[in-house]
Amino acid sequence: MKPRILQLNPILIPAINDKLASLYTVHKHFETPDPETWLREHGAGIDAVITGGHTGISRAMLEQLPKLKVVAVNGVGTDAVDLAYCRERGLPVTATLGALTEDVADLAIGLLIAACRNLCAGDRFVRNGQWELHPQPSAIPLARRFSGMRVGIVGMGRVGRAVATRAAAFGCAISYTDLRPMDDIAHAFVPQLVDLARGADALVLCAAADTAEGIVNAAVLDALGPRGFLVNVARGRLVNEADLTDALAAGGIAGAGLDVFVDEPRVPPKLRQSDNVTLQAHRASATWETRTAMGEMVLAGIAQALAGERPTMSLTT
Ligand code: DGY
């Protein structure tokens, strides 16, 4: 009998789904009409779980899977998995570390340029026929230059470093904050986030959200100031969204580029209505290249765990 996999999130690469289906009996939980009943009846037979970084898996669900040998996160964020509990249970939790770095950093820079140069508002202006109605150049406010900006990076892990490399190529001065300074990074370390914001034209959030809920609050936004921009490609809950919407509405900061939100897929109406915000639907890793690489890593982690080996990408064992 093939090992049984409980899949909590869709995988968008047909070749990965084909490989999964050829090796395992895959139950697509997100398509189940009555997931709770299904779990009660079949949970005891599940060997592996595939989930997304944002979805994770609850401890209550893990407790219903006594035979489980691995949780394979198809992403890098593990804040939605109870890692301490998995460690206690000796359960490997794998993540697709390194697979999505370049794409997430690309999107961070894309969002920052979009925010500084008002790309989406400009697109709407042309698309809605406003240019013909208001052809005078003063109809669109001047934008802000990205090249040479002072960029503050929050979280100097893989993604933060890749954002730094890209921003440096645009002549930006980089500073960063993290739990501690990193010996191999030449950029200025600023211990306090509020000080990082005060000395930056743009803050780019690349941090894990495990213990950092709401760190970007009114004080940080105030320090960033009316000419400052915020980009978030990490987790929505790093930001106090109410403080952010207030700051955007009051001109407390100049603009934002956001890929992630506190209560996805719900985005506060005030953010959706705000012209100085560029929004994405948590898409930073959503390219064919990255999602294929991620899928391969999920397959490898499951194969290793089911063969009784420690998965190379395990964070808990
Ligand atoms: C990740 O990998 O954590 C992405 O944000 C998807 O959840």
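The rows are residues; the columns are (1) surrounded by fewer than 17 Cβ atoms within 10 Å (Cβ to Cβ); (2) touching a residue at least 40 places away in the same chain (Cβ under 8 Å).
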| residue | (1), (2) |
| --- | --- |
| ALA247 | no, no |
| ALA250 | yes, no |
| ASP263 | yes, no |
| VAL277 | no, yes |
| ALA281 | yes, no |
| THR292 | yes, yes |
| VAL298 | no, yes |
| GLU309 | yes, no |
| THR316 | no, yes |
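Please determine whether any residue of segment 252-259 is under 19 Å from LEU112 (Cα atoms), surrounded by 23 or more Cβ atoms within 10 Å (Cβ to Cβ) and in contact with a Lys or Arg (Cβ under 7 Å, 6 or more places away or on another chain). So that I can check it myself, show each step before the final result.
The initial filter retains those residues of segment 252-259 that are under 19 Å from LEU112 (Cα atoms), namely 252-259.
Next, from what is left, pick out any that are surrounded by 23 or more Cβ atoms within 10 Å (Cβ to Cβ): 253, 255-259.
Within this subset, residues satisfying the condition of being in contact with a Lys or Arg (Cβ under 7 Å, 6 or more places away or on another chain) are 259.
Yes, segment 252-259 contains a residue that is under 19 Å from LEU112 (Cα atoms), surrounded by 23 or more Cβ atoms within 10 Å (Cβ to Cβ) and in contact with a Lys or Arg (Cβ under 7 Å, 6 or more places away or on another chain).
Out of all the residues in segment 99-109, is one or more assigned to a helix (DSSP H, G or I), over 30 Å from SER58 (Cα atoms) and among the hydrophobic types (A, V, I, L, M, F, W, C)? Before the answer, list the steps.
Here is the first cut: in segment 99-109, the residues assigned to a helix (DSSP H, G or I) are 101-109.
Those left that are additionally over 30 Å from SER58 (Cα atoms): 106, 109.
Next cut, among the hydrophobic types (A, V, I, L, M, F, W, C) only: 109.
Checked segment 99-109: at least one residue is assigned to a helix (DSSP H, G or I), over 30 Å from SER58 (Cα atoms) and among the hydrophobic types (A, V, I, L, M, F, W, C).
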Residues located in segment 241-278, provided they are closer than 22 Å to VAL163 by Cβ and among the polar types (S, T, N, Q): ASN276, THR278
Determine which member of the set LEU65, LEU97, LEU83 is more than 13 Å from the ligand (Cβ to nearest atom), more than 24 Å from ASP263 (Cβ to Cβ) and touching a residue at least 40 places away in the same chain (Cβ under 8 Å). LEU65
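Among the residues of segment 130-144, which ones are farther than 16 Å from ASN276 by Cβ and part of a loop (DSSP other than H, G, I, E, B)? Working first, answer last.
Start the filter on segment 130-144 by keeping residues that are farther than 16 Å from ASN276 by Cβ, which leaves 130-139.
Passing the criteria: HIS134, PRO135, GLN136.
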What's the total number of residues in segment 68-80 that are open to solvent by 10 Å² or more (accessible area, probe 1.4 Å), in a loop (DSSP other than H, G, I, E, B) and either near the ligand (Cβ under 9 Å from one of its atoms) or of a type in the set (Asp, Glu) (or both)? 5
Determine which member of the set VAL267, VAL239 is under 22 Å from ALA108 (Cα atoms), buried (at least 20 other Cβ atoms within 10 Å of the Cβ) and out of contact with any Leu (no Cβ under 6 Å at 6 or more places or on another chain). VAL239
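Yes or no, residue by residue, for (1) over 30 Å from GLY295 (Cβ atoms); (2) open to solvent by 40 Å² or more (accessible area, probe 1.4 Å); (3) in contact (Cβ under 8 Å) with a residue 40 or more places away in the chain:
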residue	(1), (2), (3)
PRO92	no, no, yes
ALA115	yes, no, yes
ASP123	yes, yes, no
VAL151	yes, no, yes
PRO181	yes, yes, no
Out of everything in segment 53-62 that is within 9 Å of the ligand (Cβ to nearest atom) and open to solvent by 30 Å² or more (accessible area, probe 1.4 Å), what residue ends up being nearest to ARG237 (Cα to Cα)? HIS54
Members of segment 153-173 found to be in a helix (DSSP H, G or I), touching a residue at least 40 places away in the same chain (Cβ under 8 Å) and among the small types (Gly, Ala, Ser), listed by number: GLY160, ALA162, ALA167
Which one of GLY295, GLY251 is closer than 23 Å to ILE13 by Cβ, out of contact with any Asp or Glu (no Cβ under 7 Å at 6 or more places or on another chain) and not aromatic (Phe, Trp, Tyr)? GLY295
Qualifying position, being touching a helix residue (DSSP H, G or I) at 6+ places or on another chain (Cβ under 9 Å), in a helix (DSSP H, G or I), open to solvent by less than 40 Å² (accessible area, probe 1.4 Å) and of a type in the set (Val, Ile, Thr), among ILE16, ILE50: ILE16
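Report the residue count in segment 250-264 for those that are within 15 Å of the ligand (Cβ to nearest atom) and touching a Gly at 6+ places or on another chain (Cβ under 7 Å). Step through it out loud before you land on a result.
So in segment 250-264, the residues within 15 Å of the ligand (Cβ to nearest atom) come out as 258-264.
Filter once more, so that each one left must be touching a Gly at 6+ places or on another chain (Cβ under 7 Å): 260-262, 264.
Residues that pass the stated criteria total 4.
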Taking the condition at pLDDT 95 or above and either touching a helix residue (DSSP H, G or I) at 6+ places or on another chain (Cβ under 9 Å) or over 20 Å from VAL220 (Cα atoms) (or both), does ILE109 pass? yes
Check ALA167, ALA200, ALA186 and return the single one that is more than 25 Å from VAL262 (Cβ to Cβ) and surrounded by 23 or more Cβ atoms within 10 Å (Cβ to Cβ). ALA167
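The values are calculated or read from the model by the stated rules, or taken from the named source; none is laboratory data. Predicted model, so just to flag it, every value in this text is computed and none were measured. With ideal geometry, Cβ positions are generated from the backbone for all residues, glycine too; neighbour counts draw on all protein chains shown. For accessibility, only protein heavy atoms count, side chains too; no ligands or nucleic acids. Shrake-Rupley method; radii C 1.70, N 1.55, O 1.52, S 1.80 Å.
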